[in-house]
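Chemist: Just passing along the structure, written as structure tokens.
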Amino acid sequence: MATDPAKRNAVSQVVRQHPGMSLAAVSPGIVVFVVLWVLMGFWPALIIGLVAGGAGYYLLTRQK
């Protein structure tokens, strides 16, 4: 599952130029992680976060 180098460079440039926008984009995930951490504990929240991140990566990079 290779990513397109042009897209990868574009994303890294946007993150460098607009870190606030990047933080706003990931803030819902941070909130969900904190809520899971409070309700279930650190390790279950971390495992759920890793599984969700892996599933998101797969869905975004799979060949159609």
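The values are calculated or read from the model by the stated rules, or taken from the named source; none is laboratory data. Model, not experiment: these values are computed from the prediction. Backbone-built Cβ (ideal geometry, glycine too); neighbour counts: all protein chains shown.
Chemist: Residue pairs, Cβ under 9 Å, 6 or more apart or interchain, first in the range 36-64 and closer than 30 Å to Asp4 by Cβ, second aromatic (Phe, Trp, Tyr) and modelled with pLDDT of 90 or more. List them.
Modeler: Listed by first residue and then by second, the contacts come to Leu46/Phe33; Leu46/Trp37; Ile48/Phe33; Gly49/Phe33.
Chemist: Got at least one residue in the range 38-46 being in contact with a helix residue (DSSP H, G or I) (Cβ under 9 Å, 6 or more places away or on another chain), part of a helix (DSSP H, G or I), at pLDDT 90 or above and among the small types (Gly, Ala, Ser)?
Modeler: Within the range 38-46 (the criterion being in contact with a helix residue (DSSP H, G or I) (Cβ under 9 Å, 6 or more places away or on another chain), part of a helix (DSSP H, G or I), at pLDDT 90 or above and among the small types (Gly, Ala, Ser)), the answer is yes, since at least one residue qualifies.
Chemist: Going residue by residue through the range 19-29, is there one that turns out to be over 28 Å from Gln63 (Cα atoms), surrounded by 12 or more Cβ atoms within 10 Å (Cβ to Cβ) and not aliphatic (A, V, I, L, M)?
Modeler: no
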